[in-house]
Amino acid sequence: MGLETLIQQLVNGVTLGGMYALIALGYTMVYGIVLLINFAHSELFMAGAYVGLFTMQGLTNPHLVGGAAKFFTGSGLGLVLLFAITFLVAGVAVGFLGVTIERLAYRPLRNAPRLSALISAIGVSIFLQNAVLLWVNTNALPFPQLFPVKEITLYRSANISTLQVFILVTVFVLLIILDTFVRKTRTGRAMRATSQDRDAAGLMGVDINSVIAMAFFIGPALGAVAGIFNGMYYGTIIWNMGFIPGIKSFTAAVIGGIGNLRGAMLGGFTLGILESLAAGFLSTGYKDVIAFIILILVLIFRPGGLLGESVVEKV
């Protein structure tokens, strides 16, 4: 029983950690470039779930012209296109929302004391949360369960579902693409330069505003994908769903090394696995306690995060 539980909780933990990692990347990219903890990021994760829900409902509406709904739900190719369009629409929409928030709420405060920008971020978070509460729905909404879920036996009663495989594969692909983009492309080099010395990067011809806008686009777009996965995994979404995952993803970013992309990835998976192991071997009531105990221990014994001095690179 112990080994079965261990394997099952590791599978659950890696899946949960993948979603934490996607959200944590948004926190760490913004902090790495503008030294701002974007507390509105958790609400962008929530917004991505709602955009994904409405996109999926629209594409599968039986009254859609030309029998498109039947195509999207009646074949493997249709399902692939359905999820691809849903992720694309949610990612782009929430990405532009992130850029808009940066332009209206953060850019005017760029040279103000950091506390001003932090308060602005909290204000944006409250605004977005209440906007969905008042203008969309106060109740939890069921997320369409269109993905064909089957259980794959790993060891006795320990299983991994096809949905978990889909989430993990997608997460790893996105993480590899982002890491390659930041380290190998011209825009990625500009982002790294801006994170190390914004003034010097500007003097060398880097468009600082464009770099910051790119960070505020990519982070929320990844958060939107995590929001859709959250809806698919748990079956429902609600207006306040971003708070707990947002806090834990911020914790993951700090554990890995705030401002470091690979640190956010490592922190996300570490936190997800530890949380699942605590739920499986202790009690579900202890999973949050364990998560924040780990945070405290990391801050005490390794304040720079698990990746240590690499935090200096910021992005």
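Can you work out which of the residues in the stretch 143-162 that are of a type in the set (A, V, I, L, M) and within 26 Å of Lys70 (Cβ to Cβ) is surrounded by the most Cβ atoms within 10 Å (Cβ to Cβ)?
Ranking the qualifying residues of the stretch 143-162, first place goes to Leu146.
Would you say Leu118 is among the aliphatic types (A, V, I, L, M), out of contact with any helix residue (DSSP H, G or I) (no Cβ under 6 Å at 6 or more places or on another chain) and touching a residue at least 60 places away in the same chain (Cβ under 8 Å)?
In short, yes.
If I ask for residues that are crowded, with 24+ Cβ neighbours inside 10 Å and of a type in the set (A, V, I, L, M, F, W, C), which ones from the stretch 13-27 would you list?
Answer for the stretch 13-27, where residues must be crowded, with 24+ Cβ neighbours inside 10 Å and of a type in the set (A, V, I, L, M, F, W, C): Leu16, Met19, Ala21, Leu22, Ile23, Ala24, Leu25.
Residue-wise test of (1) out of contact with any helix residue (DSSP H, G or I) (no Cβ under 7 Å at 6 or more places or on another chain); (2) at pLDDT below 80; (3) surrounded by 24 or more Cβ atoms within 10 Å (Cβ to Cβ).
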{"residue": "Asn240", "(1), (2), (3)": "no, no, no"}
{"residue": "Ile244", "(1), (2), (3)": "yes, no, no"}
{"residue": "Leu277", "(1), (2), (3)": "no, no, no"}
{"residue": "Thr284", "(1), (2), (3)": "yes, yes, no"}
{"residue": "Gly308", "(1), (2), (3)": "yes, yes, no"}
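Any residue at all in the stretch 292-315 that is acidic (Asp, Glu) and farther than 17 Å from Met19 by Cβ?
Scanning the stretch 292-315, I find at least one residue that is acidic (Asp, Glu) and farther than 17 Å from Met19 by Cβ, so the answer is yes.
Of a type in the set (Val, Ile, Thr) and under 21 Å from the mean Cα position of the chain (by Cα), is that true of Thr170?
The answer is yes for Thr170.
All but one of (1) among the charged types (D, E, K, R); (2) crowded, with 24+ Cβ neighbours inside 10 Å; (3) farther than 18 Å from Val225 by Cα hold for Glu43, so report the exception by its number.
That leaves (3) as the condition not met.
From the list Gly268, Gly259, exactly one residue is outside any loop (DSSP other than H, G, I, E, B), within 21 Å of the chain's Cα centre (by Cα) and surrounded by 13 or more Cβ atoms within 10 Å (Cβ to Cβ). Which is it?
Gly268
The values are calculated or read from the model by the stated rules, or taken from the named source; none is laboratory data. Remember, predicted model here, so these are calculated numbers, not experimental data. For neighbour counting, all protein chains shown are included, and Cβ atoms are generated from backbone atoms with ideal geometry for every residue, glycine included.
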